[in-house]
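Here is the structure we will look at, set down as structure tokens.
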Amino acid sequence: MKRLMLAAGLMIASFATLGATPPEGADNFYKSDKVTVEKVSFNNQYGMKVAGNLFKPKGLDPQVKNAAIIVGHPMGAVKEQSANLYATKMAEQGFVTLSLDLSFWGESEGLPRNAVLPDLYVEDFSAAVDFLGTRPFINRERIGVIGVCGSGSFAIAAAKIDPRLKAIATVSMYDMGAANRNGLKKAVTAEQRQQVLREAAEQRYAEFQGGAVKYTGGTPLTLTGNAIGDEFFDFYRTPRGEVTPAGASKQTTTMPTLTSNVKFMNFYPFNDIETVSPRPMLFIAGSEAHSREFSEDAYQRAAQPKELVIIAGAGHVDLYDRVNLIPFDTLGKFFLTHLH
């Protein structure tokens, strides 16, 4: 099923450029008096600490086995950026939720910081299932996942090999493999791809001999006039969403290390996506999002039951924090239906 949802408001020009207030409805640091939150941590299968925030609806009966939802943050972000918002809003609807920092990011372990290792990111989602499924107040047969941006592709990769994830939703998803191999709309040529690989390979020599770490991609530190870069700037480099996570400086937040980022070239999360069926999948994307192609690709490849929801007028970053555009009711109905 494919749906187009009308939304109040359109993606607006860079508010950083205009010196104006954040876009309508932007509320990344939303707090709720209906929800309790506590810091938690647990080890993944490789003995590395994964940090998270556990959200519970107030008045939760500890004697009842409850449904739970794991929430993954955008690639290069931390749980305080978008993931906590989604976790809070879903906890308000009665779910126990867990936002987590992926390995190498935020408060989770892993060196060097900002490293890319897709298989380990995927493992972190399964480790979150381990944690939730062993809590006495969680029904381990009723655990779902929401992946925002890059975490959408990591959540799908986890679901392919972990049947304990019973319902999978993605929002503004990036296929981090395809994005790095091919670029948006397949704009990266074979020669450009090879040049990236050559540069990363040479940089390995430099860092092996003690040279400075180089970073790539991520969010620009200044406005450049590039529409996509400035869209990320408006979230990550302004009070709207700016966070300085543990182990990182403002100069390197959201920026993966150059030498490790090429590992995404070997990441194919949508291959065999049809094997997730009969577990349900929900893909949510903005009609104006530069990432829309990835949600549509995943939807086309996935088997039933599946649903694609397009939010009219919304861009990619809009669905990180604009509560007037994010379809929390749709997400709630999806998980109420499928985590029963």
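Every listed requirement among (1) without any contact (Cβ under 8 Å) to a residue 60 or more places away in the chain; (2) more than 15 Å from Lys263 (Cβ to Cβ); (3) of a type in the set (A, V, I, L, M) is met by Val122 save one, (2). Selection of the range 292-340 for residues being within 17 Å of the chain's Cα centre (by Cα), aromatic (Phe, Trp, Tyr) and more than 15 Å from Gly152 (Cβ to Cβ) yields only Phe328.
Residue by residue, here is whether (1) touching a helix residue (DSSP H, G or I) at 6+ places or on another chain (Cβ under 6 Å); (2) of a type outside the set (Val, Ile, Thr); (3) under 27 Å from Ser108 (Cβ atoms); (4) not in a loop (DSSP other than H, G, I, E, B) holds:
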{"residue": "Lys185", "(1), (2), (3), (4)": "no, yes, no, yes"}
{"residue": "Val196", "(1), (2), (3), (4)": "no, no, yes, yes"}
{"residue": "Gly229", "(1), (2), (3), (4)": "no, yes, yes, yes"}
{"residue": "Pro239", "(1), (2), (3), (4)": "no, yes, yes, no"}
{"residue": "Thr259", "(1), (2), (3), (4)": "yes, no, yes, yes"}
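Residue-by-condition table, conditions (1) modelled with pLDDT of 95 or more; (2) surrounded by fewer than 24 Cβ atoms within 10 Å (Cβ to Cβ); (3) touching a Pro at 6+ places or on another chain (Cβ under 9 Å); (4) over 25 Å from Ile284 (Cα atoms):
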position	(1), (2), (3), (4)
Lys39	yes, yes, no, yes
Leu54	yes, yes, no, no
Gly59	no, yes, no, yes
Tyr86	yes, no, no, no
Glu109	yes, yes, no, yes
Pro118	yes, yes, yes, no
Asp124	yes, no, no, no
Asn139	yes, yes, no, yes
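Quick check: is even one residue across the range 308-331 among the polar types (S, T, N, Q) and touching a residue at least 60 places away in the same chain (Cβ under 8 Å)? Checked the range 308-331: at least one residue is among the polar types (S, T, N, Q) and touching a residue at least 60 places away in the same chain (Cβ under 8 Å). Residues in the range 149-169 that are surrounded by fewer than 24 Cβ atoms within 10 Å (Cβ to Cβ) and out of contact with any strand residue (DSSP E or B) (no Cβ under 8 Å at 6 or more places or on another chain): Lys160, Ile161, Asp162, Pro163. Can you tell me which residue within the range 261-297, out of those that are acidic (Asp, Glu), outside any loop (DSSP other than H, G, I, E, B) and in contact (Cβ under 8 Å) with a residue 24 or more places away in the chain, is surrounded by the fewest Cβ atoms within 10 Å (Cβ to Cβ)? Residue satisfying both the conditions and the ranking: Glu274.
The values are calculated or read from the model by the stated rules, or taken from the named source; none is laboratory data. For clarity, every value in this text was computed on a predicted model and none was experimentally measured. Please note: Cβ atoms are built from the backbone with ideal geometry, for glycine as well, and neighbour counts cover all protein chains shown.
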